[in-house]
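The values are calculated or read from the model by the stated rules, or taken from the named source; none is laboratory data. Keep in mind it's a predicted model, so treat the numbers as computed, not measured. Heads up, the Cβs are rebuilt from the backbone with ideal geometry, glycines too, and the neighbour counts pull from every protein chain shown. Just so you know, the surface numbers come from the protein's heavy atoms only, side chains and all, with ligands and any DNA or RNA stripped out. Shrake-Rupley method; radii C 1.70, N 1.55, O 1.52, S 1.80 Å.
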Amino acid sequence: MFKKILIANRGEIACRVMRTARRMGIATVAVYSEADADALHVREADEAVMIGPAAATESYLRADRIVEACKATGAEAVHPGYGFLSERPQFATALAESGIVFIGPGPAAIAAMGDKIESKKLAHAAGVSTVPGHLGIIADADKARDIARLIGYPVMIKASAGGGGKGMRIAHDDAELRDGFRAAAGEAKSSFGDDRIFLEKYIERPRHIEIQVLGDTHGNIVHLGERECSIQRRHQKVIEEAPSPFLDEATRAAMGAEAVALAKAVDYCSAGTVEFIVDRNKNFYFLEMNTRLQVEHPVTEMVAGLDLVEWMIRIAAGEKLGFAQADIRRRGWAIEARVYAEDPERGFLPAVGRLVRYRPPAGDGVRVDSGVYEGAEITLYYDPMIAKLAVGGGDRGMAIDRLKDALDGFFVSGLRHNIAFLSAIAGSERFRAGDLSTDFIAEEFPGGFAPPASFTAADRILLIAAAIADAATGTGAADRVVLLDGAPHRVSWREGAYTIDDGGDAVCAASDWRPGQNLLRLRLDGRTATVQIEALPARTFRLAHGGVVRRAQVLSPRAAELLLAMPAKKPADTSRLVLSPMPGLLTSIIVGEGQEVKAGEPLAIVEAMKMENVLRAERDGRVAKLCAHNGDSLTVDQVILEFE
Ligand code: ADP
């Protein structure tokens, strides 16, 4: 077994790999960029080597620097994590040439699966069912139109070199195809330096279900069952679970057999994932194979009861798989939710900032994989994931209940994050019913994620929490009025119990909350609920529970009477302004001063996290003034242009 390994990655996955290495008695070496000098993965490693500036192309993507770091520290093997160099065959080759072991599959298998077109051809030849489409490179938009008509709309436009949902567009007709082809090719060029595009049938309302495989260097390959990853936004996973609530034994076995056949066809060793989309009739189609550890691997580890990183290391050291397909047992249910620094209320745009508070939950069946600490910074340079929260339970219902509680208890402040959004999904009837599809988020949150307009069961809890917090802050138990997002609710105190004037019963709520604490646990209606709380000035609190986030201002009944009699102030009119929806680079202003534009026409392009975001006119009008220039770095809400 190796004595020392290097982890060519950062963030949660670097920390997660080190945890297993440490347990196996293997010393660890971290590499880091200038921006990551204070990162958790650097702190947790036995040794750390600085490999370059913040930009990944100058640090985490520099194979030569990583080889040098191995030589300097005497690391015998490299775990690449996911992303960065994990699926670059040249990296595996460069390591081998220096006598360093790559903890992953061989370069030939990586190369064979690295290209979406080539891997589909290979899968087809291995008897794996693939999405109907055209497995050739498409020269231009006219050719694309002819092929799309042949396949039949809707079609999916994809970049052959694609990954991370980049360079992917859906087209329902010729016009969408023309726009989508251009956009996909542009995005593919800027993200991968390769603008080869192909088309396939767009499968409507599919589920994303993938099979985890594990092979050794002695020709043994098994699969560890499936994960369902249908909860996605922008074609990227947000919530994953194992097993899938959709599969029956026969489909599971058939998918597992095809995944193993594909892995065998490329002499696969190490951990890998074969991704499929599955239609309503349980027809499944191969999407791609990821020749690395997957972000969502913890759910498989939790139900299969093994450590995938440990097996990757053992296999790389030449050990045989210690079990056969028939030995694999899966127990219970596991669900993972990805906590991102992003703004669900603004189209899931990435957010940056400092984690002023970072308090992950803990407890039975709760696993948090994270690469941050309180006070750490989430920057524009890398993936905006804060943590992965995985929970296990005896069955799916228990796992969902645990997930809801754990999310209520996951406190993050200082930047925009998606925890309330994850709670809203976990708490939805449709999620509980297991009625999933990759369109789940678009269908359940059609106007984007926003606080519910109506008074919900969670609001009852928030009202009581506001009353308890206000009482504990000094006013004592008394009647009060709580303005919940501005709407007044009377909360009365009678003989040791609170009553809300909504016709409901009096609730006797108890909590030992003290000012300064971020979680208020209260017992109510015989169960415990956790409310996230931040005190703001003037008897005001920001409260969150079950995916509902509100501002609660507490008033005495007398003050409420006076305040509510005053006319409301009008909010400032910003409808004439086009604001940057995110921090990013203004790559192009499409319109000029004095130009007439129609609603829907493109105005400007802002690039953030390598994604092009086209800002379009919300209404007809004439451009009065340009307030920013091509090449400007924009802050969120910076004015780009003004309409007359
Ligand atoms: P990437 O490698 O960029 O992540 P994938 O090919 O793995 O791209 O696809 C990502 C997601 O896009 C899938 O999980 C699925 O939701 C959606 N998708 C991809 N291809 C199709 C298709 N042909 N029809 C419907 N949805 C698709």
Point to revise | Whole-Hz ³J(HN,Hα) from phi, Karplus 6.51 cos²θ - 1.76 cosθ + 1.60, for the range 19-28, glycine and proline x | key: 4, 5, 4, 4, 4, 7, x, 9, 6, 10
Exercise for review: Would you mind calculating the relative contact order of the chain from Cα pairs under 8 angstrom and at least 6 residues apart, reporting the percent as a whole number?
Suggested key: 9
Study note, to complete from the structure: Out of Gly434, Gly392, Val507 - ranked by how far each Cα lies towards the positive end of the dipole of the chain, with unit charges on the beta-carbon of charged residues - the top one is Val507
Practice item. Let me know the shape class of the range 457-565, please: from the alpha-carbon gyration tensor, a ≥ b ≥ c as square roots of the eigenvalues, rounded when a/c is under 1.5, otherwise prolate if a/b is greater than b/c, or oblate. Key: rounded
Revision key, fill the gap. With Leu135 itself left out, Lys, Arg at +1 and Asp, Glu at -1 over residues whose Cβ is under 10 Å from its Cβ give +1
Study note, to complete from the structure: Shape call for the range 225-295, from the Cα gyration tensor axes a ≥ b ≥ c (a/c under 1.5 means rounded, otherwise prolate when a/b beats b/c, else oblate), comes out oblate
Review point. In the structure displayed, which of Lys3/Lys71; Lys189/Lys625; Lys120/Lys201; Lys143/Lys598; Lys3/Lys388; Lys282/Lys388 lie more than 22 Å apart, Cα to Cα?
Key: Lys189/Lys625; Lys143/Lys598; Lys3/Lys388; Lys282/Lys388
Exercise for review: Could you grab the relative contact order for the range 494-644? Cα pairs under 8 Å, six or more apart, rounded to a whole percent.
Suggested key: 16
Point to revise | Listed residue (Ala77, Pro53, Phe91) projecting farthest to the positive dipole end of the range 4-98, Cβ model | key: Ala77
Point to revise | At most 15 other Cβ within 10 Å, DSSP loop - GluC sites (Glu not before Pro), the range 307-395 | key: Glu319, Glu374
Practice item. Report, in debye and to the nearest 20, how large the dipole of the range 233-307 comes out about its Cα centre when Lys and Arg carry +1 and Asp and Glu carry -1 on their Cβ. Key: 260
Point to revise | Under the Karplus curve 6.51 cos²θ - 1.76 cosθ + 1.60, θ = phi - 60°, whole-Hz ³J(HN,Hα) for the range 326-339, x wherever Gly or Pro sits | key: 5, 7, 7, 10, 10, 10, x, 9, 9, 10, 10, 10, 8, 8
Check your understanding: With contacts defined as alpha carbon pairs under 8 Å and 6 or more residues apart, what's the relative contact order of the range 4-103 in percent?
Key -> 30
Check your understanding: Restricting attention to the range 1-68, which trypsin sites (Lys or Arg not before Pro) occupy a DSSP loop and are surrounded by at most 11 other Cβ atoms within 10 Å?
Key -> Lys3
Revision key, fill the gap. With 0.36 nm assigned to each residue of separation and the Cα-Cα distance removed, Ala450 to Glu429 gains 5.8 nm
**Study point:** Whole-percent carbon and sulfur share, accessible surface of the range 4-103, 1.4 Å
**Key:** 48
Point to revise | Dipole magnitude of the chain about its Cα centre (Cβ charges: Lys, Arg +1; Asp, Glu -1), debye to nearest 20 | key: 720
Review point. Taking Rh as the Kirkwood radius, which is the inverse of the mean 1/r over Cα pairs, what is the Rg/Rh value for the chain?
Key: 0.99
Study note, to complete from the structure: What the Cα atoms of the range 4-103 span along the principal axes, largest first and in whole Å, is 30, 28, 23
Revision key, fill the gap. Of the accessible area of the range 132-201, computed with a 1.4 Å probe and all protein chains kept, carbon and sulfur make up a percent value of 52
Check your understanding: Of Ser160, Ser191, which has the most accessible area with a 1.4 Å probe, and how do the rest follow in descending order?
Key -> Ser191, Ser160
Practice item. Skip the ligands, DNA and RNA, and give the accessible area per residue of the chain with a 1.4 Å probe, whole Å². Key: 42
Review point. Using θ = phi - 60° and the Karplus curve 6.51 cos²θ - 1.76 cosθ + 1.60, what whole-Hz ³J(HN,Hα) does each residue of the range 70-82 get, with Gly and Pro shown as x?
Key: 4, 5, 5, 9, x, 6, 8, 8, 10, 9, x, x, 10
Practice item. Give me D for the range 577-643 in µm² s⁻¹, whole number, from Stokes-Einstein with Rh from the Kirkwood sum over alpha-carbon pairs, 37 °C and 0.692 mPa s. Key: 283
Review point. Shape of the range 20-177 from its Cα gyration tensor (a ≥ b ≥ c, root eigenvalues): rounded if a/c is under 1.5, otherwise prolate when a/b > b/c, or oblate?
Key: prolate
Study note, to complete from the structure: Per the Kirkwood formula over distinct C-alpha pairs, the hydrodynamic radius of the range 237-395 in angstrom is 18.0
